[in-house]
Amino acid sequence: MIICRPMRPSDLMNVYAVMNLNLDGSFSLDTIEYFMTLWPEGQFVAEDLFGNIVGALAGTQMSNGRASIALFAVDSKHRGQGVGTKLYDAFRLKCFMSGYSEIQLELRTTNESAYRFYYSKGFRVIENLPSLYGPGQDGYRMVVNINGVSHVSS
């Protein structure tokens, strides 16, 4: 059983570990603290029954009616078990209740499993981002309308 809840400052070291062990690239503790400072209510963790953090999502607020998923990781041992869906659903609800109509994110074009996950949640590519992650490491910008009306073309 997995419980999804808002992130607490005491979770930072465990979130840092999950992010750095399960995402391409590395992120400093300062980066995660920065997101907590910007929008404390937009940060979520998933934990198992023993209190171990097995996933985390860091969200940000944008000025154009959108919120953004800045960092999103699920421990590799817990993938395919609904952890990511629980985190996303908690974030989506927070965005909806905060008045946002869309969520956006960026991901590597080579990250096929993340692409399939987001596509299954209604996200669609709205922009190709050449060299977003460095020379030859392209990305996509994806967006989903969370009000049930899609303005994004397939």
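The values are calculated or read from the model by the stated rules, or taken from the named source; none is laboratory data. All figures in this text were calculated on a predicted structure; none of them were measured in a lab. As a convention, Cβ positions derive from the backbone with ideal geometry for all residues, glycine included, and neighbour counts pool all protein chains shown. Side chains included, ligands, DNA and RNA excluded: accessible areas come from the protein's heavy atoms. Shrake-Rupley method; radii C 1.70, N 1.55, O 1.52, S 1.80 Å.
Quick check for me: using +1 on Lys/Arg Cβ and -1 on Asp/Glu Cβ, what's the dipole size of the chain about its Cα centre, in debye to the nearest 20?
Its charge dipole is roughly 400 debye.
If you plug each phi of region 69-78 into the Karplus form 6.51 cos²θ - 1.76 cosθ + 1.60 with θ = phi - 60°, what whole-Hz ³J(HN,Hα) values come out, in order, with x for Gly and Pro?
For region 69-78, the Karplus curve yields 8, 8, 9, 8, 9, 10, 3, 4, 6, 10 Hz.
Which of the aspartates and glutamates could a cross-linker bridge to Lys121, judged by Cα under 13 Å and excluding same-chain residues fewer than eight apart?
Leaving aside aspartates and glutamates fewer than 8 places away in the same chain, those within reach of Lys121 are Asp89, Glu102.
Please grab the % of Cα pairs in region 89-145 that end up more than 15 Å from each other.
50
Taking a virtual spin label 7 Å from the Cα of Ser98 along the C-beta vector, which residues in region 28-57 bring their backbone nitrogen under 18 Å of it?
Once the point is set 7 Å along Cα→Cβ of Ser98, 31-46, 56-57 turn out to lie under 18 Å by backbone N, inside region 28-57.
Using only helices, what value at 222 nm comes out for the chain when you add -39,500 (n - 2.57) per DSSP H run of length 4 or more and divide by the total residues, to the nearest 500 deg cm²/dmol?
The helix contribution divided over the chain gives -9000 deg cm²/dmol.
List, in order, the whole-Hz ³J(HN,Hα) value for each residue of region 87-98 obtained from phi through the Karplus relation with A = 6.51, B = -1.76, C = 1.60 and θ = phi - 60°; use x for Gly and Pro.
Along region 87-98, the couplings run 5, 4, 4, 5, 5, 4, 4, 4, 4, 4, 5, 8 Hz.
So what are the ³J(HN,Hα) numbers for region 127-134, from phi and the Karplus equation (6.51, -1.76, 1.60; θ = phi - 60°), rounded to whole Hz, Gly and Pro as x?
After applying 6.51 cos²θ - 1.76 cosθ + 1.60, I find 7, 8, 10, x, 6, 4, 9, x Hz.
Shape of region 1-54 from its Cα gyration tensor (a ≥ b ≥ c, root eigenvalues): rounded if a/c is under 1.5, otherwise prolate when a/b > b/c, or oblate?
oblate
Tell me, what is the per residue accessible area of region 26-154 in Å², probe radius 1.4 Å?
Averaged over the residues of region 26-154, the accessible area is 53 Å².
How about region 69-148: which GluC sites (Glu not before Pro) there lie in a loop by DSSP and see at most 11 other Cβ atoms within 10 Å?
Here no GluC sites (Glu not before Pro) fit, given the DSSP loop and packing criteria.
With the contact rule set at Cα under 8 Å and sequence spacing of 6 or more, what percent relative contact order holds for region 1-148?
The value is 19 percent.
So how much slack lies between Arg79 and Met62, counting 0.36 nm per residue of separation and subtracting their Cα-Cα distance, in nm?
Taking 0.36 nm per residue and subtracting the Cα distance, the gain is 3.3 nm.
Expressed as a whole percentage, what fraction of the accessible surface of the chain belongs to carbon and sulfur atoms when a 1.4 Å probe is rolled over the protein heavy atoms?
Exposed carbon and sulfur together represent 52 percent of the surface.
In nm, to one decimal, how far is the Glu112 label point from the Asp89 one, both placed 7 Å along Cα→Cβ?
Modelled inter-label distance: 2.8 nm.
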